[in-house]
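Trainee: Here's a structure for you.
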Amino acid sequence: MKKHALILTMAVAAAGLCSCGTGKNATNSIKSEVWQTMMVKQVDVQIDDQIVIAKYNNGTTLSYKILDNFGNVALTWDHSNGRNSNEEGYSTYKDNISIPSFVVAGANDEFVFRVMEIDKDAFNGCTNVTSIDIPFSIMRIMDGAFAGCSNLQSITVNENNPTYKSEDGVLFSQDSRMLITYPAQKKETDFVIGEDVSLICTDAFSGNQYLENVTIGNFITAISDNAFKDCSSLKTIELGGNVRVIGVGAFAGCNKLERINVRGIFPPHNCPTVYETVTKETCKLYVPKGQLWNYKRRLEWSEFKNVQEY
């Protein structure tokens, strides 16, 4: 009992140093997550070369990278079974991954690590992961964290997380300006990206096999690399009037793309291979009235053969 009380006190104190949340609700959330972390029943932990590997009684093994001397760690790619990279061998990450806020270690559980970050490529290629629960403590999610999760159905976020939120299983920044991840197994055919979003992040929609029509809001200025890569059912795209940059491979592998409506007077700058494998002879490109020549003379758009004004 004393040991658990000590862990609770240390964890809450550490959370107070790191958390952006304030007030009674944030404190209650931290306490509840400490107890939830204990209830997960971590059964074993090993620390080797700045990597903490924790095993839980539900059969899950999660790996964490130590970030600093203050007890902050990042959930990282699966280091079990002697794997030396996230691309080497089979990952044991599968089914529902419920990320704890804290990891304890030491003979008497005297070390408390706070899970602050989801590392780059942490779940990259984890095809057996179906859902991910993100706790209050996560403050950073790095690029490619969920890339290649072809069976991911939903992402949920603790309601008191000050940095991220989930809406209908889709991961956004708390201020809605960034759309981070749209699960590959989300089955809707149409999706409208709201006017409050300004950035579509790297790999955000990649690998989704169900989307057919996407409307991109007028306040979005950038579509990042591989954002819609391999969305094999995508047929139409509506690009908002303020899109300025479309990243590398953003629509690569969208083999069924039939129509692109662009509302911007200024043609967006396309990085190389944006529309790789898209059939530019048949895909119809609609541009604002009076801007036909403006688009045709731009190298990035000149390969489209069927360009019309609307």
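The values are calculated or read from the model by the stated rules, or taken from the named source; none is laboratory data. Keep in mind that what you see is a predicted model, and the values were worked out from it rather than measured. Virtual Cβ from ideal backbone geometry, glycine too; neighbours counted across all protein chains shown. Ligands, DNA and RNA are excluded from the accessible area calculation, which covers all protein heavy atoms including side chains. Shrake-Rupley method; radii C 1.70, N 1.55, O 1.52, S 1.80 Å.
Trainee: Suppose the filter is more than 20 Å from Thr156 (Cα to Cα), without any contact (Cβ under 8 Å) to a residue 12 or more places away in the chain and out of contact with any strand residue (DSSP E or B) (no Cβ under 6 Å at 6 or more places or on another chain); does Asn108 pass it?
Mentor: Answer is no for this residue.
Trainee: Mind checking whether some residue in the stretch 300-309 is under 27 Å from Asp203 (Cβ atoms), open to solvent by less than 60 Å² (accessible area, probe 1.4 Å) and touching a His at 6+ places or on another chain (Cβ under 7 Å)?
Mentor: Yes, some residue in the stretch 300-309 is under 27 Å from Asp203 (Cβ atoms), open to solvent by less than 60 Å² (accessible area, probe 1.4 Å) and touching a His at 6+ places or on another chain (Cβ under 7 Å).
Trainee: Out of the stretch 263-310, which residues are touching a Phe, Trp or Tyr at 6+ places or on another chain (Cβ under 9 Å) and part of a strand (DSSP E or B)?
Mentor: Asn270, Lys284, Leu285, Tyr286, Val287, Val307, Gln308, Glu309
Trainee: Pick from Asp133, Asp203, Asp196: which is among the acidic types (Asp, Glu), in contact (Cβ under 8 Å) with a residue 24 or more places away in the chain and open to solvent by 40 Å² or more (accessible area, probe 1.4 Å)? Show your work before the answer.
Mentor: On the way: Asp203 fails: open to solvent by 40 Å² or more (accessible area, probe 1.4 Å); Asp196 fails: in contact (Cβ under 8 Å) with a residue 24 or more places away in the chain.
That would be Asp133, the only listed residue that is among the acidic types (Asp, Glu), in contact (Cβ under 8 Å) with a residue 24 or more places away in the chain and open to solvent by 40 Å² or more (accessible area, probe 1.4 Å).
Trainee: Could we say that Asn151 is surrounded by fewer than 17 Cβ atoms within 10 Å (Cβ to Cβ) and modelled with pLDDT under 95 here?
Mentor: Numbers: surrounded by fewer than 17 Cβ atoms within 10 Å (Cβ to Cβ): yes; modelled with pLDDT under 95: no.
In short, no.
Trainee: Condition test on Ala107, is it open to solvent by 10 Å² or more (accessible area, probe 1.4 Å) and among the small types (Gly, Ala, Ser)?
Mentor: Considered against the rule, which asks whether it is open to solvent by 10 Å² or more (accessible area, probe 1.4 Å) and among the small types (Gly, Ala, Ser), Ala107 comes out as yes.
Trainee: Which of the residues spanning the stretch 159-171 are closer than 17 Å to Leu211 by Cβ and open to solvent by less than 40 Å² (accessible area, probe 1.4 Å)?
Mentor: Gly169, Val170, Leu171
Trainee: What is the one condition in (1) touching an Asp or Glu at 6+ places or on another chain (Cβ under 6 Å); (2) over 18 Å from Ile66 (Cβ atoms); (3) open to solvent by less than 50 Å² (accessible area, probe 1.4 Å) that Thr156 does not satisfy?
Mentor: (3)
Trainee: Still on this structure, I have one more. Which members of the stretch 263-299 meet the condition of being among the small types (Gly, Ala, Ser) and surrounded by fewer than 15 Cβ atoms within 10 Å (Cβ to Cβ)?
Mentor: Answer for the stretch 263-299, where residues must be among the small types (Gly, Ala, Ser) and surrounded by fewer than 15 Cβ atoms within 10 Å (Cβ to Cβ): just Gly290.
Trainee: A further question follows. Scan the stretch 263-286 and give yes if some residue there is among the acidic types (Asp, Glu) and more than 18 Å from Glu212 (Cβ to Cβ), otherwise no.
Mentor: yes
Trainee: If you don't mind, another one. Residues to consider are Ser150, Ser63; find the one that is of a type in the set (S, T, N, Q) and under 23 Å from Asp230 (Cα atoms).
Mentor: Of the residues listed, the single one that is of a type in the set (S, T, N, Q) and under 23 Å from Asp230 (Cα atoms) is Ser150.
Trainee: Going by what's in this entry, would Lys187 be described as touching a strand residue (DSSP E or B) at 6+ places or on another chain (Cβ under 6 Å) and either among the aromatic types (Phe, Trp, Tyr) or open to solvent by 20 Å² or more (accessible area, probe 1.4 Å) (or both)?
Mentor: Taking the combined requirement at face value, the residue does not satisfy it.
Trainee: Taking the conditions exactly as written (farther than 26 Å from Lys41 by Cβ and crowded, with 22+ Cβ neighbours inside 10 Å), does Ala122 satisfy them or not?
Mentor: For Ala122, the condition - farther than 26 Å from Lys41 by Cβ and crowded, with 22+ Cβ neighbours inside 10 Å - is not met.
Trainee: Output yes when any residue across the stretch 239-252 is open to solvent by less than 10 Å² (accessible area, probe 1.4 Å) and on the phi > 0 side of the Ramachandran plot, and no when none is.
Mentor: Yes: one or more hits.
Trainee: What is the number of the single condition among (1) assigned to a loop (DSSP other than H, G, I, E, B); (2) surrounded by fewer than 22 Cβ atoms within 10 Å (Cβ to Cβ); (3) at pLDDT 95 or above that Ile260 does not meet?
Mentor: (1)
Trainee: While we're on this one: For the stretch 81-113, give me each residue that is over 30 Å from Asn161 (Cα atoms) and of a type in the set (Gly, Ala, Ser).
Mentor: Once the filter is applied, which keeps residues that are over 30 Å from Asn161 (Cα atoms) and of a type in the set (Gly, Ala, Ser), the stretch 81-113 yields Gly82, Gly89, Ala107.
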